[in-house]
Amino acid sequence: MDFYRMTPEEVLDSLKTNRKQGLSNEEVKKRQLEAGKNELREKKQKTFFQMFLDQFRDFLVIILLIAALISIVTGIIGDEGLVDGLIILAIVLLNAALGVTQEQRANNALAALKKMTSPHAKVLREGSVFEISSAELCVGDIVYLETGDYVSADLRLIESINFKIDESALTGESEPVEKDATVCYDTDRLLADRDNLAYMSTLVSYGKATGVVIGIGMSTEIGKIATLLDSVTEGKTPLQKTIDEFAKILGIICIAVSLLVFGLGWLQGKELFTIFLTAIALAVAAIPEGLTAVITVVLALGMQRMVKRHAIIKNLSTVETLGQATVICSDKTGTLTRNEMTVRQVFDLEQEYSVSGSGYDNEGEIHLNGKPALIQNNLSILLQVCLLCNDARLDDDNHLLGDPTEGALLVLARKGGFDLVNKLDLFPQLNEYPFDSIRKMMTSVHQIDDVNRVLTKGAADQLVKRCNRIRVGSDIRPIQEADIEKIQQKTIEYSNQAYRVLGYAYKDVEDPKRMDLEDDLIFVGLTAMIDPLRPEAKAAIAKCHAAGIRVMMITGDHLATAKAIATDLGILKPGHLALSGEDTAKMTDAEFEDAILHCDVFARSTPQDKIRIVEILQKHREVVAMTGDGVNDSPALKQADIGVAMGITGTEVSKEASNMILTDDNFASIVSAVEEGRIIYSNIRKFTIYLVSCNIGEILIILFSILFGFLFNNEIPLIAIHLLWINLMTDSFPAFALGLEKGEANIMDQKPRDTKEKLLNKKTFLKIIIQGTGLMLAALASFLIGLHWLADASLIQARTMIFVTVVFGELMRTYSARSETKFLFRMNPFSNRYVNLAVVFSIILLFVLVYVPPIAQLFRIEALTLSELGIAVSLGFVPMLFGELTKIQTRSIKE
């Protein structure tokens with residue numbers, strides 16, 4: 001249907017939608033059942049079989065599979081090789097299955113997080129306004145739009161006020177397009193020329209409107225193009241890229257060592273196929289090909305843990321960056337405070353009124369000298385402004401839909417006896433200029449008693465500049481310097497008490513559409529409201545300071561208010577600056593830069609100020625987290641290393657521009673996310689060092705056994721199936737268990753990690769070599785003892801002992817790897833139940849391999865006596881001791 005050629009009434013009739021009530025819940029279910037959800041087609045996901053096949057694309061795995069098949073064929077033809085080939089094939093398949101499980105788990109975790117960040121829409125159903133996921137919209141829904149919202153479906157506008165939309169995502173138009181619900185076309189119009197329609201995935205840049213849904217999902221204009229989600233590809237994080245690069249280098253080394261092992265073994269006359277299988281198995285076991293997958297899962301699980309701490313992380317790289325944060329630039333309202341504004345004082349230029357009650361309930365009254373006030377003169381007009389120059393709503397349960405400041409003004413108007421529900425029926429709206437952070441005011445024009453009245457509210461210091469008259473009682477006279485000074489003094493008095501102050505003005509006009517509505521106004525009074533501090537904010541800020549993280553308050557409030565709150569919270573440090581936009585407006589760039597480096601509070605900020613502050617901090621190598629909730633905050637959120645949007649009060653565009661969304665708008669949640677980011681990075685370091693040191697140890701075992709073959713009767717201590725089984729065990733359960741560490745108690749007492757610090761640096765490499773050497777020494781000692789010094793010494797006995805020592809040694813090393821600095825005797829080594837389960841499970845499997853005869857025969861090992869088992873297990877503690885040794889020695893190594 002060409003809805004742009006129909007009037008709003010015709011569209012509503014054709015869609016069987018009630019303008020005042022919206023759709024019923026029963027009708028919504030019926031329509032959703034018929035048309036499905038309002039979602040675009042996602043990129044086709046890999047099937048389980050495709051993911052399984054991807055596990056065999058590695059060159060070395062392919063060679064190993066070929067070798068296993070050759071071994072099976074020769075075993076069928078000859079006497080040996082069949083069992084080895086089958087076991088190798090089984091281990092490779094099991095490893096592939098684990099790889100698929102890891103990938104599937106990561107995909108599921110990321111999909112769940114992506115779903116949490118989906119846009120929301122304000123919709124009218126059964127006479128009430130709800131905020132729902134945009135996926136739940138259906139054709140016929142009545143949707144409300146305002147500045148900063150993303151359009152969640154294709155709409156025919158039925159009401160609009162100064163409404164503009166950025167359609168660049170759809171049409172490529174760089175300038176916002178002005179929309180008009182009253183327009184109706186007689187002829188066909190191009191997509192970009194349909195001024196009465198709003199399209200899915202476009203952005204409201206100005207004004208507000210109401211529309212009815214005419215298309216959802218793939219039936220929308222953006223859905224027809226079908227390029228939005230299909231073009232999205234998930235890139236690797238910087239950490240994953242670092243690991244990949246390291247893995248490539250390690251892979252080259254491993255291949256070189258494997259070739260050397262094969263060459264030396266061949267020269268020493270070892271059985272050719274056996275040494276070939278061992279060399280390939282060594283390369284496969286030594287390359288940490290699963291490390292990136294493990295990191296992805298750990299990051300994704302960490303992101304899900306952050307959700308429980310009220311922080312939704314939109315991409316994996318943000319998790320890494322969080323651990324490096326050095327500065328948090330936080331808004332005040334709702335983030336450091338409760339976001340429950342309550343008007344406490346009203347000043348009408350003649351008398352001061354007190355207001356009782358709090359929150360958005362029905363309790364409280366306006367008092368004058370302790371008695372209920374008579375609502376007349378200035379107070380009546382001021383309350384008109386509070387009621388009508390206001391985009392917020394209170395639902396039937398007194399829950400706020402909209403800005404908390406405007407919610408407080410609605411409550412004030414209700415305490416003055418005004419009807420909130422039928423306000424637009426009683427006082428029809430004729431025009432509106434929405435609030436923006438440049439003008440710092442909002443204007444709405446309404447018909448009141450046959451008069452077109454302009455009602456304006458805003459920052460008192462800015463609003464008074466637009467006024468040429470004041471009203472005192474019922475008298476209107478020209479504004480004088482003494483009046484301005486009186487208003488300023490009262491504003492400062494309230495601000496010094498940490499109140500937020502707003503001014504109110506009005507005038508009556510003939511033409512509600514005239515361009516100078518905000519000039520030559522009549523000033524009528526002030527309100528003073530307060531938003532109480534969040535009780536947890538002060539402790540969170542102290543935690544930041546202990547962690548070496550600077551906290552900076554950036555707010556649009558008055559400087560005196562910001563200073564009072566910042567001092568109370570401990571943000572404003574002795575000797576540091578508290579500045580306002582007015583203070584810095586005349587500064588040179590050099591002066592502004594120097595001031596920001598010593599500034600803890602920045603009041604009366606503009607979006608441009610926020611961007612400049614972020615750029616200066618980044619110039620000085622700070623990692624900046626910046627909070628924001630409005631459309632104008634989006635550039636600063638994108639510029640910051642970590643853009644933090646408010647989940648409750650934030651606009652859709654601010655959420656889109658951010659890296660992280662707070663579901664409770666709470667500063668303490670940012671600090672929790674930083675702490676979680678540090679824990680995740682620390683855990684990644686732990687299991688990376690653990691895995692790589694185990695792999696290096698296995699390389700050293702084979703290499704040294706061949707180089708010093710005369711000590712070992714020129715025998716290979718571990719054959720291919722042993723190496724692959726060890727790799728399977730250490731690359732799966734213990735590594736994941738280390739990735740689930742809860743974090744060390746002092747992690748927020750450390751300074752932020754340097755941005756130039758590499759995961760695998762000199763200190764890390766030394767740890768890996770020392771720990772790998774410890775594994776090698778213990779393993780070769782076990783092999784020597786089993787080969788030469790025990791009664792009935794034999795090769796199979798020696799191989800069983802080294803196999804037990806290596807497996808047990810790597811498992812015991814897991815406990816030491818739980819901390820890079822804290823010694824085992826100074827922590828509870830068994831507090832990570834995942835490590836305990838991984839170790840116990842792996843040990844049970846080890847004993848099954850050794851003591852179940854059929855399985856032992858398959859793996860070319862045999863049951864050990866109690867004394868042999870004791871020696872092998874005792875030597876398994878040596879790698880753990882070497883791990884503890886690195887906690888001493890590496891402290892003296894400089895990067």
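Some observations on this one:
- Relative to the longest principal axis of the Cα atoms of the chain, helix 878-889 runs at roughly 50 degrees.
- Point-to-point label distance, Asp2-Asn369, nm (Cα→Cβ direction, 7 Å offset): 7.0
- Once the C-beta distance of Gln750 and Asp568 is scaled by a Förster radius of 30 Å, the resulting FRET efficiency is 0.65 to the nearest 0.05.
- Long-range amide H partners of Leu430 with built H, under 5 Å: Val445, His446, Gln447
- Projected label points at Phe710 and Leu533, each 7 Å from Cα along the beta carbon direction, are separated by 7.7 nanometres.
- For a modelled paramagnetic label at Ile249, 7 Å from Cα along Cα-to-Cβ, the residues of region 748-767 in reach, with backbone nitrogen under 17 Å, are 756-767.
- Taking only Cα atoms of region 497-645, radius of gyration then Dmax in Å: 18.1, 61
- Of the options (i) -0.42, -0.95; (ii) -0.64, -1.10; (iii) -0.55, -0.96, only one is log10 I(q)/I(0) by the Debye sum over Cα atoms at q = 0.06, 0.09 Å⁻¹ as computed from these coordinates, and that is (iii).
- For GluC sites (Glu not before Pro), the sites in region 700-768 that DSSP calls loop and that have at most 16 other Cβ atoms within 10 Å are Glu715, Glu757.
- Remark on Thr202: its backbone amide H falls under 5 Å from those of Val151, a criterion applied only to residues 5 or more positions apart or on other chains, H modelled at 1.01 Å from N.
- FRET E, pair Gln21, Leu86, Förster distance 56 Å, beta-carbon r, rounded to 0.05: 0.20
- Inter-part distance where region 490-558 and region 830-854 are each reduced to a Cα centre, Å: 62
- Counting protein heavy atoms only, the chain has 56 percent of its accessible area on carbon and sulfur, 1.4 angstrom probe.
- Cα→Cβ-extended label distance, 7 Å offset, between Glu131 and Asp449, nm: 3.7
- Note on Lys742 and Thr606: the extension gain reaches 45.0 nm, defined as 0.36 nm multiplied by sequence separation minus the Cα-Cα distance.
- For a modelled paramagnetic label at Lys887, 7 Å from Cα along Cα-to-Cβ, the residues of region 670-707 in reach, with backbone nitrogen under 20 Å, are 679-694.
- For region 510-603, applying the loop criterion from DSSP together with a ceiling of 15 other beta carbons within 10 Å to the trypsin sites (Lys or Arg not before Pro) yields Lys513, Arg514, Lys586.
- Ile648 long-range amide H proximity, modeled H, under 5 Å: Asp665
- Degrees separating the helix 537-546 axis from the principal Cα axis of the chain, which is the longest one: 40
- The gain in end-to-end length when the Ile769 to Leu426 segment is fully stretched comes to 115.5 nm, 0.36 nm per residue minus the alpha carbon separation.
- With a cut-off of 13 Å between beta carbons, the residues surrounding Leu881 carry a summed charge of +1, where Lys and Arg count +1 and Asp and Glu -1.
- Contact order relative to length of the chain, as percent, for alpha carbon pairs under 8 angstrom and 6 or more apart: 12
- Cβ-defined net charge surrounding Gln639, 10 Å radius [Lys, Arg +1; Asp, Glu -1]: +1
- Taking a Cβ cut-off of under 10 Å around Leu775, the surrounding Lys, Arg, Asp and Glu residues balance to a net charge of -1, with basic ones at +1 and acidic ones at -1.
- Here the 3J(HN,Hα) profile of region 578-594, calculated from phi with Karplus coefficients 6.51, -1.76 and 1.60 at θ = phi - 60°, is 10, 10, 10, x, 5, 4, 9, 4, 9, 6, 6, 4, 5, 5, 4, 4, 5 Hz, Gly and Pro shown as x.
- Region 596-618 and region 730-771: distance between their alpha carbon centers, rounded to Å: 34
- Take 343-356, 125-138, 803-816, 658-671 and order them by the average number of nearby Cβ atoms within 10 Å per residue, most first; the result is 803-816, 658-671, 343-356, 125-138.
- Gyration tensor (alpha-carbon) shape descriptor, region 394-472, a/c threshold 1.5: oblate
- Relative contact order for region 645-696, counting Cα pairs under 8 Å that sit 6 or more residues apart, in percent: 26
- Difference of contour (0.36 nm per residue) and Cα-Cα distance, Ser867 to Ser14: 298.3 nm
- Per-pair calculated FRET efficiency, R0 = 56 Å: Phe823 and Asp397 via Cβ, rounded to 0.05: 0.50
- Of the peptides 26-35, 158-167, the ranking by mean beta-carbon count within 10 Å, highest at the top, reads 158-167, 26-35.
The values are calculated or read from the model by the stated rules, or taken from the named source; none is laboratory data. The structure displayed is predicted, hence computed values, not measured ones. Cβ atoms come from the backbone with ideal geometry, glycine included; neighbour counts cover every protein chain shown. Remember, those area values only see protein heavy atoms, side chains included, never the ligands or the DNA or RNA. Shrake-Rupley method; radii C 1.70, N 1.55, O 1.52, S 1.80 Å.
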